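Report on one structure; see the data block that follows.
Quick note: the coordinates plus some simple rules give every number you see, no bench work behind them. In this text, all values refer to a predicted model and were calculated from it rather than measured experimentally. Cβ atoms come from the backbone with ideal geometry, glycine included; neighbour counts cover every protein chain shown.
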Amino acid sequence: MISNVQAYRASLLHFRNDPAFDEHATLWHSDGLLVIADGKVVAAGDYDSLHASLPADTMVNDWRGKIITPGFIDTHVHYPQTDIIGSPAPGLLPWLNTYTFPTEGRFGDAAHAAEVAEFFLAELLRNGTTTAAVYCTVHPQSVDAFFERSHALNLRMIAGKVMMDRNAPDFLLDTAESSARDSEALIKRWHKKGRQHYAITPRFAPTSTDQQLRLAGELAAQYPDTYIQTHVAENTDEVKWVKELFPDARSYLDVYEQRGLMRKRALYAHCIWLDDNDRARMAATESVATVCPTSNLFLGSGLFDFANADKLRMPMSLATDVGGGTSFSMLQTMNELHKVGRMSGMHLDAHRMFYMATLGGARALQLEGTIGNFAAGCDADFIVLDPQATPLLSRRSATTDSLEEQLFALALLGDDRVITATYSAGARVHQRTAWI
Ligand code: GUN
Ligand code: ZN
């Protein structure tokens, strides 16, 4: 019988904890072996100690000189905004009105949605992202198109229909009742089908009535293992607007808490203009701040406050927020994350940034043990990184003196060119073909 075991020889990097709080968090095997079978991790360790135990006919894929890590996890991204990435605007609200809403209007057309979903998922894989929390549009067919493609590729993805019943163009509005009905039908159709997960997705407080947010909260209570995703405290004009729309709330975040939208698996994008009271509520409810540095710098939204987030142990994870974000690459996202960290007096080292893009993301999604590292039994979602991917990176890699310096160079200089191959559930779903 031919063995179904496959093995990959390379340097291995993964994490068992957050390196900011545990000096033994990093797992590094310079000459390592990743052993998988039936789409799951069997073992990860030193080549010397593992290779003798492989079944005799196991093919060992030789990736020496490369680094294998778990696939990256992008905890906040909008697939319908793929075609408006890099569109200039003076800030969030004009950017939404000028670019975002018109482009999202096209997703009532199922064929258009399918075409964009296919491109978007290929782009994620080219950048080494194997799991993402994804916004669709208000149209249920945009969700079907996304999950159909993701399911066909056997990717582990989270997505949901945007709920918005006011303050947007008519062609993008649902109603409180229809949004709850449509969301529930989509939960029944897609949640936990294969590797798909559903996220209840009120866009943000300004585009939902009180009634819509309440119904979203009721759905979240009825289906506790679904996700919730929304935006909060991204931009000062937005915060002011929310104060006018919801004058009784203690804060913007409180609008959501009052309506049952803070819990495990609730993902709050941006979280820039929070106070310590809000941060403490995030921590107490195990809600997660999804930090979007390329977007926040691009739209001039503000700087995430890492120092106060860590002080209150606010759960956080990393995200691109394309199309407000300017890159699909989690490496480029780390680059900007590092600089934003500097501005809040924090040195975010490369170990921590790689943790945030892998196990940190899995923890934010309550998926530790399923994705995010190479613990036995995890999905075999992994990527092969090339420290020689470009002439400059190759030159820099030759002079690095430590793992930290090597990872830092990958984060600061790397992008999709670094991703040599991407594997999902043990199957290769991307292979880089050229230096372009
Ligand atoms: N707030 C409400 N909608 C959006 C969106 O699509 N992108 C960003 N960055 N912020 C938002
Ligand atoms: Zn967003």
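Counting alpha carbon pairs within less than 8 Å and at least 6 residues apart, what relative contact order, in whole percent, applies to the range 277-327?
Averaging sequence separation for qualifying contacts and normalising by length gives 49 percent for the range 277-327.
When only DSSP loop residues count, what chymotrypsin sites (Phe, Trp or Tyr not before Pro) in the range 378-436 have their Cβ near at most 12 other Cβ atoms within 10 Å?
Details: sites: 382, 408, 423, 435; in loops: 435.
Hits after loop and neighbour filter: 435.
Averaging sequence separations of C-alpha pairs under 8 Å and six or more residues apart, then dividing by the length of the range 72-348, give the relative contact order as a whole percent.
About 19 percent, as a whole number.
Roughly what would the spin-label model give for residue 433 and residue 210, points 7 Å off Cα along C-beta, in nm?
Taking the simple label geometry, residue 433 and residue 210 are separated by 5.8 nm.
Setting aside same-chain residues fewer than 8 positions from residue 161, which aspartates and glutamates have a Cα under 15 Å from its Cα?
104, 109, 144, 148, 174, 177, 182, 184
Under 8 Å for C-alpha pairs, at least 6 residues apart: give me the relative contact order for the range 219-325, rounded to a whole percent.
Once normalised by length, the contact order is 26 percent.
Please list 130-142, 77-89, 146-158 highest first by mean number of surrounding beta-carbon atoms within 10 Å per residue.
Descending mean neighbour count gives 130-142, 146-158, 77-89.
Taking springs between alpha-carbon atoms closer than 10 angstrom, which of 322, 291, 242 fluctuates most in the Gaussian network model of the chain?
242
Could you sort out which of 188/311; 192/240; 188/243; 66/339 sit more than 29 Å apart by Cα distance in this structure?
Beyond 29 Å: 188/311; 192/240; 188/243.
Less than 12 Å Cβ to Cβ from residue 254, Lys/Arg counted +1 and Asp/Glu -1: what total charge do the surrounding residues give?
Local charge sum for residue 254: 0.
Which of rounded, prolate, oblate describes the range 72-348, given a ≥ b ≥ c as roots of the alpha-carbon gyration tensor eigenvalues and a/c under 1.5 marking rounded, otherwise prolate only if a/b is larger than b/c?
Rounded, because the longest to shortest axis ratio a/c is under 1.5.
Going by average Cβ neighbours within 10 Å, how do the peptides 264-273, 328-337 rank, with the highest at the top?
328-337, 264-273
Using a basic spin-label model with each label point 7 Å from the Cα along Cα→Cβ, how many nm lie between residue 403 and residue 28?
For the pair residue 403/residue 28, the computed spacing is 0.4 nm.
With r as the distance between the Cβ atoms of residue 284 and residue 347 and R0 = 25 Å, compute the FRET efficiency 1/(1 + (r/R0)^6) and round to 0.05.
Once rounded, the FRET efficiency stands at 0.35.
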